[in-house]
Amino acid sequence: MAIKTSDLNAKLFGKADKRRATTPQEAQKAAKEQAQIIELAVAGEELVAFELMRIPANQVEKETVVFAENAREQSFLNEHALSDVLSTLKERGQQYPAVGRRRADGKIEVLDGSRRRMSCILANKEFLVYVAENINAEHAKFLSDVANAHKPLSLYEKGKEMQSKLDSGEAEDQKALAKMFQCSEALVSGALKAAALPLELLQAYPNVADLGRPTIVKLHKQFSELDTSKQAKLIEKCHDQGRLVWQRSEAQGVARITKDVSETLEEWIEELAPRKRSAVNKIDLVKGRVSYTRKGNNLALNMKKIDDKTMKEILQFVESKLQ
């Protein structure tokens with residue numbers, strides 16, 4: 001009776017379906033087909049064998065951790081931020097295994113696939129991960145960075161990376177960062193502003209990755225104008241009742257919840273530090289009929305009991321003066 005090569009490998013080596021992938025396409029195909037072992041040249045260097053592990057749903061949090069240097073902020077990963085993964089996961093299961101390395105304490109450190117990991121936790125699904133025994137720190141960072149390129153980081157996460165480059169001296173200023181990260185200086189400025197905001201404040205939103213530069217810049221300005229004690233009170237409000245702001249919203253859909261959160265934060269900031277409104281004196285021109293207010297170069301007229309003919313004459317006069 002004929003025997004499959006994969007079965008022969010299993011009998012000889014105790015491992016089934018061993019693949020050697022020399023290109024990203026081959027690696028992707030092997031991963032999709034969930035080959036038991038994949039051999040990869042990590043960072044184009046030595047060949048490393050990754051074995052497919054299946055972690056039971058109730059053991060994912062206990063048996064796996066996320067690589068500490070992963071640029072993706074794990075606290076942002078909720079059902080809204082992971083909706084793209086969760087929809088597929090619930091219907092067809094995990095399509096592509098994650099990638100990790102075995103730590104000295106026996107736990108699996110996830111290098112590529114932190115979003116898939118959290119999705120499995122939220123959906124209570126089995127977690128598939130390719131695990132290697134000998135991955136050094138440099139290669140671990142390489143795998144993690146390559147993985148994050150598939151799903152764009154939020155402005156906050158990009159800003160954290162950029163700030164670390166400034167702190168380490170790898171980049172001198174925002175212009176150097178723009179060149180290093182191949183983006184505009186405006187984006188660099190927005191990302192750094194995002195990174196300067198407290199994590200607890202950004203966690204108010206359902207999906208931080210959806211926050212654009214205008215929202216971040218506005219929030220940064222509003223928050224920066226508060227003194228330290230009021231900033232602390234705002235953060236406290238964000239975590240009141242043990243629930244995040246987005247979890248308290250009654251709006252439906254991420255876009256509407258995001259808008260609702262922004263409006264809520266603005267209301268709280270206004271309560272904590274009401275804006276001083278300059279007094280505008282109203283002057284009566286014709287008592288009971290015409291009054292006006294003047295603010296800077298602006299003039300506002302308030303007229304009562306004006307018939308159509310008079311209105312037309314007044315408008316024509318104004319038009320003739322301002323054309």
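Residues that are of a type in the set (S, T, N, Q) and surrounded by fewer than 13 Cβ atoms within 10 Å (Cβ to Cβ) within region 215-226 comprise just one, 224. From the residues in region 246-303 that are among the charged types (D, E, K, R) and assigned to a loop (DSSP other than H, G, I, E, B), which one is nearest to residue 218 (Cα to Cα)? Checking each candidate, the answer is 275. Taken together, the criteria place residue 178 among residues that are over 27 Å from residue 88 (Cα atoms), crowded, with 18+ Cβ neighbours inside 10 Å, free of Cβ contacts under 8 Å to residues at least 60 places away in the same chain and out of contact with any Lys or Arg (no Cβ under 9 Å at 6 or more places or on another chain). The residue of region 116-127 that is nearest to residue 36 (Cα to Cα), among those that are touching a strand residue (DSSP E or B) at 6+ places or on another chain (Cβ under 9 Å) and surrounded by fewer than 21 Cβ atoms within 10 Å (Cβ to Cβ), is 126.
When the residues of region 161-188 are narrowed to those that are in a helix (DSSP H, G or I) and either in the same structural domain as residue 141 (by TED's automatic domain parsing) or of a type in the set (Asp, Glu) (or both), which ends up farthest from the chain's Cα centre (by Cα)? The qualifying residue farthest from the chain's Cα centre (by Cα) is 167. Of everything listed in (1) at pLDDT below 85; (2) loosely packed, with under 11 Cβ neighbours inside 10 Å; (3) over 30 Å from residue 232 (Cβ atoms), the single unmet condition for residue 252 is (1). The single condition among (1) of a type outside the set (Val, Ile, Thr); (2) outside any strand (DSSP E or B); (3) modelled with pLDDT of 85 or more that residue 128 does not meet is (2). In a residue-by-residue description of region 227-234, the property of being closer than 22 Å to residue 154 by Cα and surrounded by 13 or more Cβ atoms within 10 Å (Cβ to Cβ) applies to no position.
The values are calculated or read from the model by the stated rules, or taken from the named source; none is laboratory data. Quantities reported herein were computed from a predicted structural model and do not represent experimental measurements. All Cβ positions, even for glycine, are placed from backbone atoms using ideal geometry, and neighbour counts span all protein chains on display.
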